[in-house]
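Working notes for the structure below.
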Amino acid sequence: MIRYILQRLGESAAVIALMSFVIYALIGLMPGDPIDLMINSDPRLTPADAARLRAVYGLDRPLVDRYLSWAAAAIGGDFGNSRLHVRPVLDVMPGFLLNTVKLMGLSFILSVAIAIPAGVIAARRQNSRLDHVINLLCFAGISVPVFWLALMLIILFSVMMPILPASGIASVGGGGGIMDAARHLVLPVATLTIFSVGSYTRFVRAAMIEVLRQDYIRTARAKGAGPSRIVWVHALRNAMIPVVTVIALSFGTLFSGALITETMFAYPGMGKLIYDSIMGNDYNMALVTLLFATAVTLAANLLADLAYAWLDPRISYAAGEGARP
Amino acid sequence: MTDIVRPTAPPDGMLILFARRFADHRLALASLVVLLALALLAAAAPAAEWLLGVSANSVNLTIRFAPPSLAHPFGTDELGRDLLVRLLYGGRISLAVGIAAALASAVIGTIIGLLAGYYGGKLDALLMRLTDGVIALPLLPLLIVLAAVDLTKIGLPAELARDPDVSLYRMVVIIALVSWTTVARLVRGATLSVREREFVLAAAACGAGPLRIMAVHILPNVVSPIIVATTLSVGNVILLESVLSFLGLGIQPPIASWGNMLTGAQELIWSAPQLVFWPGALIFATVIAFNFLGDGMQDALDPRAITR
Amino acid sequence: MTAPLLSAEGLFKHFPLRGGLFGRRAGKVHALNGIDFAIWPGRTLALVGESGCGKTTAARAVAGLIRPDAGRLLFRGKDVATASGNDRKSARRAMQMVFQDPYGSLNPRLNVNAIVAEPLVIHGIGDGAARRDRVAEVLAQVGIDPRDGERYPHEFSGGQRQRIAIARALAPEPELIIADEPLSALDVSIQSQVLNLLKDIQAARGLAFLFITHDLAVVDYFADEVAVMYLGHIVERAPRAALFAAPRHPYTRTLLAAAPRPGGGKRRPGAVPAGEVPSPIDPPAGCPFHPRCPRAVSACRETMPILSGGDHAFACHNPEPVP
């Protein structure tokens, strides 16, 4: 098991190293370069100055060279300065990260709190009218464009019925306290929850149907366990194994949803930070935030695999194919 | 010699069985009708232009935000363009990009899945690691970067790079690059099981090479998961295209797409909420219809399988 | 006697077994432990044994589906593995296979014409029209109406499917048919029909057969020579009549004793083998049959007896006496 974990950690580290190069190269392909930006802000610079600056910043060196010196500095803890925030990248990130954790955490808790009962009820009464209604709502949640959902919620609750703020995390002027912050979270959390709850409910329903078919459920029933006890204790516990895995595996999707939600509500989180830094030619920031998002997604996947292996005794860690007859 | 015997089983095959089961899935059937209607309407966009005597891209600032009227059944947008005609043209783009990118990713995924499943061993391990790696990436941020890449820096002539038509192909390519993984996994799994069936051995015993075995014997037997996964992915692709276009990184104006019609919508929510409503509602309807369609096909092709 | 059509010399095949953490090699299955046999033109060699004895592996090695670890396959005296491209191709064309399960061995997405034409397409035999004629001809030979060629396998019964599979094997005019338990997936009432069909075809075209089976009644009816396999070894090899009349290996004797013979009544005395077949993953030392053998002597536990004895060969330290 330990060897398996180490192997997976090594693989993830390799993927991150590879991705750092890919992202570095892609960022280099984005419109403009730092020198162009300097020229734009200071029209007195001549082409000769620009060339000299390029040499000073090493921009005339081959891609791999530049990447290696970036990577060397990064390993030493220096990720450079943010162009938009004019501060070291690593100083800017924590505040945005905290906001994203709040947003994603709240909507995750809410989604799970809705998905488990809804999925279990749908599975218990498979093909009933209630099941069909739940199914319809799930498909709606999966299929709705998040940015449009956000716009609709803003139109409903900030324009037509101005009861909730449409953007930011605090009212202008500040001093709103915790209630003000909470009011600002309502629409973003609602958007992200609607986005994720549909697929979670379908995971729960599918896993419950699978479990309710199994023999040991019939055994529990034969032993006289009441129907509610069977469903909520015996079956749900077993259904959670695949559910936990799929939910962890869908972390990347949730993060994509968070990026759109944050952008729509001008909510200062990691998603908006990524988007703004890409759009604002903030190369250092874009690079670090993208890599961070990749690392977190990989970690979620790794945890999902480990949790699955841990919880399900039938999985061995054998990588090779079985013997053929 | 023995007597001639005629087949005993009824001649109707899997297709009829499939059609019957699919017809039981009323939502899927309704979705199919909705999608066909949408496709027809989108195809009829030039006819609508002609009937209304307007052009999709003709700007007329004197009639900005006009309310619905006979001349403009859905009203006009912030540049005085006819909303209905633009919605129809946007539908063409969204459907075309969605289907093209889904097909392209199906092709990539099928090739990778077939190779991994048929050859197994080191190639399989390599390709599946690649697939896991792509799945584990944060999709949207990556797509934003890919969509923002300056095409002149990879050697495209400037006028071509800025051509709005090129933004169409770019969308198809970058979305296909990241969304082939589902098909690849499904095809690999199906290939692994089909590969062990005796008719594959029989073909090999006849002397068939790997290419022929994959193309003639394995591929036709793994079509069902490919069709289902591709149908389901059309919805996802349309969502990705619309959000990128909305962010200004996808389909470039003046080409209308449902996503880029919402660019700048945050400014319109006060003055013209109907402009915000329609494009998104159409995206929503199209995506949900593709998802129901795929779900119904999955149930019809494999009645034992429970929902995804 | 003429030269053999096909001979196998010392075929070895071990399958690696993976298991435990990270797919470590956990052992290997000794599927073929160096077997020799020969098939003459127009004659039938039956490979007999319990399941897991390696007879299917032997058939697949002959058909070129698996590559043996060691040993040679000679077709008309030429080594198939080292032959030039043309020789190898014509050898492959001359050896066609019929599989056990007619539900699995026909591609459900191809119609009967396409299935039967496949070996012709692969080997580039004839043009479109010639292929169509050939397909209709072999279909009629096996008792399938050529007008049903546009139909798909699922529309046919098991027996009909096996006829289609036989038609496919016949299409490229082979000299040897490798039949791997071609009857055991069929209803008993159908088995004799298909067996008669095979026998008719053999008589009409002088085909040789490598016939894999566990059914001694079929062997008695169909085979010219018989090779008995046990855990990857050929333990006895003899003309059919000699083998049935006087089995020399104790394993053959117990097999014959356990099998009901057509005509009935003639069940031979002798114990049914006691105990389980040892695992091919970890075969016992010495003669692999010794743990179950009623005649085992001390030599049997130590050294593997060598197959010897000319026409009626057997591998046993303490053979059954000739009656």
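Provide the percentage of antiparallel DSSP beta bridges, counting only those with both residues in the protein assembly as shown; round to the nearest 5.
60
List the residues, sorted by chain then number, that are 5 or more residues from C:K28 or on another chain and whose placed amide H is less than 5 Å from its amide H.
C:L17
Is there a simple number for the mean count of other chain Cβ atoms within 10 Å of the Cβ of residues in B:190-203, and what is it?
Mean number of neighbouring Cβ atoms from other chains: 5.
Which aspartates and glutamates have a Cα less than 13 Å from the Cα of A:K223, not counting those fewer than 8 places away in the same chain?
A:K223 reaches A:D215.
Show that you can apply the helix-only estimate: for the protein assembly as shown, add -39,500 (n - 2.57) for every DSSP H stretch of four or more residues, divide by all residues, and state [θ] at 222 nm to the nearest 500.
-18000 deg cm²/dmol
Sort A:276-289, C:128-141 by the packing proxy (mean of other Cβ within 10 Å over each peptide's residues), most packed first.
My ranking of the peptides, most packed first, is A:276-289, C:128-141.
Counting other C-beta atoms within 10 Å, which of A:E210, B:E159, C:E118, C:E302 has the fewest, and how do the rest follow?
B:E159, C:E302, A:E210, C:E118
In whole Hz, what ³J(HN,Hα) sequence does region A:202-209 give by Karplus (6.51, -1.76, 1.60; θ = phi - 60°), x for Gly and Pro?
5, 4, 4, 4, 4, 5, 5, 4
What residues have an amide H closer than 5 Å to that of C:I178, excluding those fewer than 5 places away on the same chain, when H is modeled at 1.01 Å from N in the peptide plane?
C:Q96, C:M97, C:V98, C:L210
For the protein assembly as shown, just run the numbers: alpha carbon Rg, then divide by 2.2 N^0.38 Å, N being how many residues it has.
Relative to the rule-of-thumb radius for its length, the protein assembly as shown sits at 1.18.
Under 5 Å between amide H atoms, partner at least 5 residues away or on a different chain: which partners does A:Y267 have, H built in plane at 1.01 Å?
A:G168
Using alpha carbons only, how many degrees (0 to 90, rounded to 10) separate the axis of helix C:188-205 from the longest principal axis of chain C?
The helix C:188-205 is inclined about 70 degrees to chain C.
Rounded to whole Å, give me the distance from the Cα center of region B:172-224 to that of region C:31-71.
Each part reduced to its Cα centre gives a spacing of 29 Å.
How high is the relative contact order of chain C, given as a whole-number percent (alpha carbon pairs under 8 Å, six or more residues apart)?
Value for chain C: 20 percent.
Can you compute the radius of gyration and Dmax for chain B, using only the Cα atoms, both in Å?
Answer for chain B, Rg first and Dmax second: 23.5, 90 Å.
Tilt of helix A:47-56 relative to the longest C-alpha principal axis of chain A, in degrees (0 to 90, nearest 10)?
Approximately 60 degrees, to the nearest 10.
Let a ≥ b ≥ c be the square roots of the eigenvalues of the Cα gyration tensor of chain A; is it rounded (a/c under 1.5), or, if not, prolate (a/b larger than b/c) or oblate?
Oblate is the answer for chain A, as a/c is 1.5 or above yet b/c matches or exceeds a/b.
Go through region A:65-165 and name the trypsin sites (Lys or Arg not before Pro) that are in a DSSP coil and have 14 or fewer other Cβ atoms within 10 Å of their Cβ.
A:R125
Could you work out, residue by residue across A:263-272, how many beta carbons of other chains sit within 10 Å of that residue's beta carbon, and then give the average as an integer?
For this peptide, the per-residue mean of nearby foreign Cβ atoms is 1.
Could you order peptides A:263-273, C:184-194, B:193-203, B:241-251 by the average number of other Cβ atoms within 10 Å of their residues, highest first?
With the highest mean Cβ count within 10 Å placed first, the list reads B:241-251, A:263-273, B:193-203, C:184-194.
Can you work out ³J(HN,Hα) from phi for every residue in region A:101-115, in order, using Karplus 6.51 cos²θ - 1.76 cosθ + 1.60 and θ = phi - 60°, giving whole Hz and x for Gly and Pro?
Once rounded to whole Hz, the list reads 4, 4, 4, 5, x, 4, 6, 5, 4, 4, 4, 5, 5, 8, 5.
Across region B:122-130, in residue order, what do the Karplus-derived ³J(HN,Hα) couplings come to in whole Hz, using 6.51 cos²θ - 1.76 cosθ + 1.60 with θ = phi - 60° and x for Gly and Pro?
Those phi angles translate into 5, 4, 4, 4, 4, 5, 6, 4, 4 Hz.
Let me confirm one metric for peptide B:212-218, namely the mean number of other chain beta-carbon atoms within 10 Å of its residues' beta-carbons.
2
Quick one: plug the Kirkwood hydrodynamic radius of chain C (C-alpha pairs) into Stokes-Einstein at 4 °C, 1.567 mPa s, and report D in µm²/s.
62
What list do you get for A:Y67, B:Y118, B:Y89 if you sort them by fewest beta carbons within 10 Å?
Exposure proxy ranking, most exposed first: A:Y67, B:Y118, B:Y89.
Please determine, in degrees from 0 to 90 and to the nearest 10, the orientation of helix A:63-75 with respect to the longest principal axis defined by the Cα atoms of chain A, where the helix direction is its Cα long axis.
70
Give the cross-link partners of C:K28 among the lysines, using a straight C-alpha distance below 29 Å as the criterion and excluding same-chain residues fewer than 8 apart.
Straight-line reach from C:K28, under 29 Å: B:K122, C:K13, C:K55.
We did not get these values from a lab; they are worked out from the coordinates using the rules stated. The structure displayed is predicted, hence computed values, not measured ones. In this analysis, Cβ positions are derived from the backbone assuming ideal geometry, glycine residues included, and neighbour counts consider all displayed protein chains.
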